[in-house]
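Structure first, then comments.
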Amino acid sequence: MDPSGWTSLPSDLIRRVADLFLATSDVDYYMSVRAVCRNWRAATDDPTGLDPRFTPRGWVLVASLAGDDQTGRRCLFLHANTGRFLWKGPLRNYTCVASTEDGHLVLEPASRNSRICLLNPMTGSLVSLPVTTAQFLGDNEFGLSHDRNMFATGSSSMVLYSFFDSSSGGCIDLTWDAVYNRESLFKAMTGMFASMVPFKGRAYAVNENGSVAVVEHNCRLDEKPEVTRVITGSWNWMDGRNTFLVDNAGELLVVSLLVSRREVQVFRVDLKNGLLEQIKGIGNRAIFLGKRRCLSVDAYKFQAIESNCIYYIGNRFGFDCGIFMHCLKDGSHVKLFESCCVPEGPKSLARVIMEYACYGHNA
């Protein structure tokens, strides 16, 4: 076909192709479609604002490369389901203070007179957040607090969740008018939050005894969010068990880890019946457990990652110090690295992903 004929393709055909990319969260490919020519851009929707169709799901910020005032900071993203790496940037006049679990970046401007922004790194859409956001995220004379676990959820509206400590958190509706937007706090239902994750547009948390709860956001009615328990756990929180909540390619899992016994158990969360169903394997997936967040990747897309395995960090001191891999098929444990400290020189892919899980955007 004559290359000049591509510009005259029917608009409905162009939209179908573009929608296929959105269905697989390949938002960067969608942007490439829009960049072909004026006709293709006119046939596709402009990805501005906080439209959930253009949320960069699956993309995680695993590293950033510092630059000067002219070049700015470049960011390296990884797609957990396709194994693709992508450099984006540069970021000028902003500092990234958080990367949400659905791929957005929370940016602090260099000028204290400017608002905090939420950036979609795939579309370049930059949204100024309500004036209350700075206080909500822990603003002080030294700038924003960088030690937060954050993620955004929502379909018709977007809610930014920030967990302040192991027993409390807050959320703010980013699509609501700034005048009426107010910080909304919530407390753990019992015990402490061990792990939090966005799942199908809602925020879920698990505590140390295996109880799972959902955070019900209802800020438009000027009410505080409610933490509703959906599964009651029975584990003894005093046995040193670590619990993690993971979105494993569309299914919600709870991972129980006892480092001292080298015991790893995986449970499927049955929200309909309020049960934890133990499973023996996770197929072609690999799960990385970190203190800041957890990440499930398609191991078939990464040659250096073993499938049906759990990667985790052991104790800080002693024989169990380091990064380990637990094979769910045979129950074996392998120590991959002696230390969790960042080594000089090239890093393995497993360490890069583990650092993201432990340190987030500061990896």
Using the structure shown, list the pairs from LYS280/LYS301; LYS88/LYS329; LYS187/LYS291; LYS200/LYS301 with a Cα-Cα distance above 26 Å, or answer none. LYS88/LYS329
Long-range amide H partners of ASN248, meaning residues 5 or more apart or on another chain whose placed amide H is closer than 5 Å, are LEU253
Rounded if a/c is under 1.5, else prolate if a/b beats b/c, else oblate: with a ≥ b ≥ c from the C-alpha gyration tensor eigenvalues square-rooted, which is region 252-321? oblate
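Where a number appears in this text, it was derived from the coordinates with a stated rule and is not lab data. All figures in this text were calculated on a predicted structure; none of them were measured in a lab.
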